[in-house]
Amino acid sequence: MGYNIITLISNEATVSKYASIKQGSVIFPHAVIEPNAMIGNNCIICANVTINHDAIIHDDCLIYSNTVIRPNVIIYELTRIGSNCTVTFGKEIEEGSDIKDGEVVI
């Protein structure tokens with residue numbers, strides 16, 4: 001149809017030049033996206049979220065504020081992760097998951 005969907009990255013976010021952020025995603029202030037992290041299409045990464053190196057966030061995911069995604073985590077499509085959560089090293093979060101505020105995924 002000729003539409004271009006923009007990607008918005010706050011100038012107050014820290015995004016590695018070696019990270020990948022796809023079309024339509026939004027990165028809020030004070031988020032940190034480390035090297036080799038991959039963010040899919042249409043994702044929202046809220047303020048103060050840290051995505052560690054080699055983590056993969058698939059399309060259409062929402063990660064709320066103050067959450068930490070540790071290295072080598074894979075989060076599949078249509079997943080919501082609440083505020084103040086931690087997903088520990090190497091975990092896989094199934095498609096369509098809803099992680100409640102404050103949870104730690106071990």
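Within the bounds of the stretch 59-73, is there any residue that is more than 19 Å from Ile9 (Cα to Cα), modelled with pLDDT of 95 or more and in contact with a strand residue (DSSP E or B) (Cβ under 7 Å, 6 or more places away or on another chain)? Full working, then the answer.
Restricting attention to the stretch 59-73, the residues satisfying the condition of being more than 19 Å from Ile9 (Cα to Cα) are 70-73.
With modelled with pLDDT of 95 or more added as a condition, the list becomes 70-73.
This time we only want the ones that are in contact with a strand residue (DSSP E or B) (Cβ under 7 Å, 6 or more places away or on another chain), so: 70, 73.
Looking for residues that are more than 19 Å from Ile9 (Cα to Cα), modelled with pLDDT of 95 or more and in contact with a strand residue (DSSP E or B) (Cβ under 7 Å, 6 or more places away or on another chain), one finds at least one in the stretch 59-73, hence yes.
Within the stretch 18-39, track down each residue that is part of a loop (DSSP other than H, G, I, E, B), more than 11 Å from Thr7 (Cβ to Cβ) and open to solvent by less than 10 Å² (accessible area, probe 1.4 Å).
Ala31, Ala37
Can you say whether Gly90 is on the phi < 0 side of the Ramachandran plot, at pLDDT 95 or above and open to solvent by less than 50 Å² (accessible area, probe 1.4 Å), as far as the supplied structure shows?
For Gly90, the condition - on the phi < 0 side of the Ramachandran plot, at pLDDT 95 or above and open to solvent by less than 50 Å² (accessible area, probe 1.4 Å) - is not met.
Select from the stretch 93-106 the residues that are in a loop (DSSP other than H, G, I, E, B) and open to solvent by 70 Å² or more (accessible area, probe 1.4 Å) and write down the one among them that is modelled with the lowest pLDDT. Even if it seems obvious, please write down each step before you answer.
Taking the stretch 93-106 as the starting set, the residues that turn out to be in a loop (DSSP other than H, G, I, E, B) are 94-97, 100-103, 106.
With open to solvent by 70 Å² or more (accessible area, probe 1.4 Å) added as a condition, the list becomes 94-95, 100-101, 103, 106.
Values: Glu94: 98, Glu95: 98, Lys100: 98, Asp101: 98, Glu103: 98, Ile106: 93.
Restricting to residues being in a loop (DSSP other than H, G, I, E, B) and open to solvent by 70 Å² or more (accessible area, probe 1.4 Å), the top hit is Ile106.
If a residue has to be assigned to a loop (DSSP other than H, G, I, E, B), at pLDDT 95 or above and open to solvent by less than 90 Å² (accessible area, probe 1.4 Å) to count, how many in the stretch 1-17 make the cut?
4
Test Asn48 against the stated conditions and say whether it is open to solvent by 60 Å² or more (accessible area, probe 1.4 Å) and of a type outside the set (Asp, Glu).
yes
For Asn84, state whether it is in contact with an Asp or Glu (Cβ under 7 Å, 6 or more places away or on another chain) and assigned to a loop (DSSP other than H, G, I, E, B).
The answer is yes for Asn84.
Kindly indicate whether Ser65 is in a loop (DSSP other than H, G, I, E, B) and within 11 Å of the chain's Cα centre (by Cα).
yes
The values are calculated or read from the model by the stated rules, or taken from the named source; none is laboratory data. Here the structure is a predicted model, which is why all the values come from computation and not from measurement. With ideal geometry, Cβ positions are generated from the backbone for all residues, glycine too; neighbour counts draw on all protein chains shown. Surface areas here come from the heavy atoms of the whole protein model, side chains and all, with no ligands, DNA or RNA. Shrake-Rupley method; radii C 1.70, N 1.55, O 1.52, S 1.80 Å.
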